[in-house]
Amino acid sequence: QVHLVESGGGLVQAGGSLRLSCAASGSISSINIMGWYRQAPGNQREMVALITGGDSTNYADSVKGRFTVSRDNAKNTVYLQMNSLNSEDTAVYYCYMVVLERGARVFTPYWGQGTQVTVSS
């Protein structure tokens with residue numbers, strides 16, 4: 001079993017910055033994709049940013065140029081640096097990882113519990 005623990009959410013004024021972190025623990029052999037999704041009230045969960053094991057990245061159009069996803073493989077951790085935040089970024093942010101557990105033959109997706117980001121205007 002693998003557990004993802006997020007940190008770094010909170011309340012910030014428009015134009016401000018936050019950095020989210022998510023660390024994975026458990027029986028981990030390797031992690032392919034790491035990243036972040038978000039869900040605002042009344043909306044579906046949407047992809048924010050993803051990073052592959054080869055450090056290729058993919059961003060939602062709405063965050064390009066403002067958010068940066070990065071990873072530390074030695075720590076099984078993914079980060080999301082969020083700059084120039086606006087009210088539309090208010091949501092619960094979920095960490096996402098695709099993990100190969102020790103002894104397993106296939107990768108399994110895991111989600112964090114979510115962390116609230118609120119941007120006040």
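At-a-glance table
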{"item": "Close pairs from segment 77-104: first on the phi > 0 side of the Ramachandran plot and among the aromatic types (Phe, Trp, Tyr), partner open to solvent by 20 Å² or more (accessible area, probe 1.4 Å) and assigned to a strand (DSSP E or B), Cβ under 6 Å, at least 6 apart", "result": "none"}
{"item": "Among (1) without any contact (Cβ under 8 Å) to a residue 12 or more places away in the chain; (2) under 14 Å from the mean Cα position of the chain (by Cα), the one test that residue 74 misses", "result": "(2)"}
{"item": "Residue that is least open to solvent (accessible area, probe 1.4 Å) [pool: residues in segment 36-85 that are of a type in the set (D, E, K, R) and more than 16 Å from residue 24 (Cβ to Cβ)]", "result": "38"}
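The values are calculated or read from the model by the stated rules, or taken from the named source; none is laboratory data. Predicted model, so just to flag it, every value in this text is computed and none were measured. Counting neighbours? That spans all protein chains shown, and the Cβs are built from the backbone with ideal geometry, glycine included. Quick note on the areas: whole protein, heavy atoms, side chains included, nothing else; ligands and nucleic acids left out. Shrake-Rupley method; radii C 1.70, N 1.55, O 1.52, S 1.80 Å.
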